[in-house]
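These notes concern the structure reproduced below.
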Amino acid sequence: MNYAGFFNSLRDLLPFLAVLPSAAYALISLRCALEYFASPVNAEPSAEYPDVTIIKPVKGVDEESYDNFASFCSQDYPGRLQIIFAAASPDDPVVQVVRELMADFSNHDIAMVINPARHGANQKVSNLINAFAGAKYGFIVVSDSDICVEPEYLRSVIAHFADPNVGLVTSLYRTPEVHGIATALEATGFTAEMIPNVLVARRLEGLTFALGASMAVRREALVAIGGFDSLADYLADDYQLGNKIHRAGWRVVLDSCFVESVIKPESLMSVLSRQLRWGRTMRVSRQGGYLASGLTLPFPAILLASLLAPSPAAGLAAIFLLYSIRCTVSTIFSRRLVRDNLFPRWLLLLPLRDMLSFFVWALSFLGKRVEWRGSRFILKPGGKIEEIV
């Protein structure tokens, strides 16, 4: 046997083996997405739709805040609908936006709760707790303030609760419009990373968490986990809400109706800070899965391929193969599945986005401090937070 030839052949394959996990993961995520969107989990239209309370915790004015809020007032929904906006301070500029909305939609059941009471380190959850006391109905929808929805959104989400085992329904989000490179880096992450990761997790283990952009919960399930109070000291309240409801024995379902995250112009440092906060939050919330996710990240794969390649040409060939797959898969997600049309326009940012994802992943293990809405916190084991005064 020619051992020298064998080892030379193996050495030639090393850069391709280095990029194999990342390339394979991209193809697996596409397979999971194609399966999901070919037969999405859409509930059958119901003759009767239950009454719903929407709670919007708000702080500060986001890009197009009025239009975002108005989209929830313009739902094509047969049941009764109550909307509660919850803020901590009467001086918050968002209060005036809500007042204008209430005047323009005076025939709607809209309330504004302003209450500074804190129930834990998470001010957003404190706002939810303060507003929940006025919630009239048996199904509660919680949505971030920067989210805009289509008129059929509520019909689509609430129809899932016809199954009595469903405790929570969540939705994927996309960002069709960006403002320069900084926000494009974040938005392309939704398409090329977040959505593929959610669909792979759903396929492999079932959905065990929720996405904060849109969470509809059955009151009975919420009460079973101790209400919003059980989330008051967690940073990733959306993850915890879905996970607690899942562990309580209820089904968590992903609706096929996208919601839109409306991004405002931001600096690169603001985007990086938020990405690091998300990374550190997921690291303490989902430790094993987050650690394992490093194996599929493209940037360390291309570094390893470069180091192991017997020649520059072999290293470049492996990297070219990886990004041929990455670019194709990301474009299919963007154009056909997510329909945000960010790719191929922003494809040149994909390697930079991959580098950012790796450094965020690595840095998330090196610290416990995060910044959120102007406050600083220390992350504790399990995802709880303590504010730094």
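The values are calculated or read from the model by the stated rules, or taken from the named source; none is laboratory data. Keep in mind that what you see is a predicted model, and the values were worked out from it rather than measured. Cβ sites come from the backbone with ideal geometry, for glycine too, and all protein chains shown count toward neighbours.
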Filter result (of a type in the set (Val, Ile, Thr) and modelled with pLDDT under 90) within segment 343-389: Val370, Ile378, Ile385, Ile388, Val389
Unique residue being β-branched (Val, Ile, Thr), touching a strand residue (DSSP E or B) at 6+ places or on another chain (Cβ under 8 Å) and either assigned to a helix (DSSP H, G or I) or surrounded by fewer than 21 Cβ atoms within 10 Å (Cβ to Cβ) (or both) when the list is Thr208, Thr188: Thr208
Which numbered condition Ile302 misses (of (1) touching a Ser or Thr at 6+ places or on another chain (Cβ under 7 Å); (2) farther than 24 Å from Lys124 by Cα; (3) surrounded by 21 or more Cβ atoms within 10 Å (Cβ to Cβ)): (1)
Criterion violated by Pro116 - all others in (1) out of contact with any Cys (no Cβ under 7 Å at 6 or more places or on another chain); (2) touching a residue at least 40 places away in the same chain (Cβ under 8 Å) satisfied: (2)
Segment 239-249: number of residues that are in contact with a strand residue (DSSP E or B) (Cβ under 6 Å, 6 or more places away or on another chain) and either surrounded by fewer than 22 Cβ atoms within 10 Å (Cβ to Cβ) or polar (S, T, N, Q) (or both): 2
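Matching residues to (1) acidic (Asp, Glu); (2) at pLDDT 95 or above:
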| site | (1), (2) |
| --- | --- |
| Arg99 | no, yes |
| Asp104 | yes, yes |
| Leu128 | no, yes |
| Ala159 | no, no |
| Glu186 | yes, no |
Hits in segment 262-289 - residues which are part of a helix (DSSP H, G or I) and more than 23 Å from Ser214 (Cβ to Cβ): Leu268, Met269, Ser270, Leu272, Ser273, Leu276, Arg280, Arg283, Val284, Gln287, Gly288
Count of residues meeting criterion [closer than 12 Å to Gly383 by Cα, in a helix (DSSP H, G or I) and not charged (D, E, K, R)] in segment 227-240: 3
Out of Val271, Val200, Val262, Val223, sole residue that is surrounded by fewer than 22 Cβ atoms within 10 Å (Cβ to Cβ), among the β-branched types (Val, Ile, Thr) and free of Cβ contacts under 8 Å to residues at least 12 places away in the same chain: Val223
All positions within segment 309-332 that are surrounded by 18 or more Cβ atoms within 10 Å (Cβ to Cβ) and farther than 23 Å from Glu193 by Cα: Ala309, Ala314, Gly315
Segments classed as strands (runs of 3 or more DSSP E), wholly inside segment 69-177, with at least 3 members that are of a type in the set (Ser, Thr, Tyr) and in contact with a strand residue (DSSP E or B) (Cβ under 6 Å, 6 or more places away or on another chain): 166-174
Scope segment 130-155; condition buried (at least 19 other Cβ atoms within 10 Å of the Cβ), farther than 15 Å from Asn68 by Cβ and of a type in the set (Gly, Ala, Ser); matching residues: Ala131, Ala135
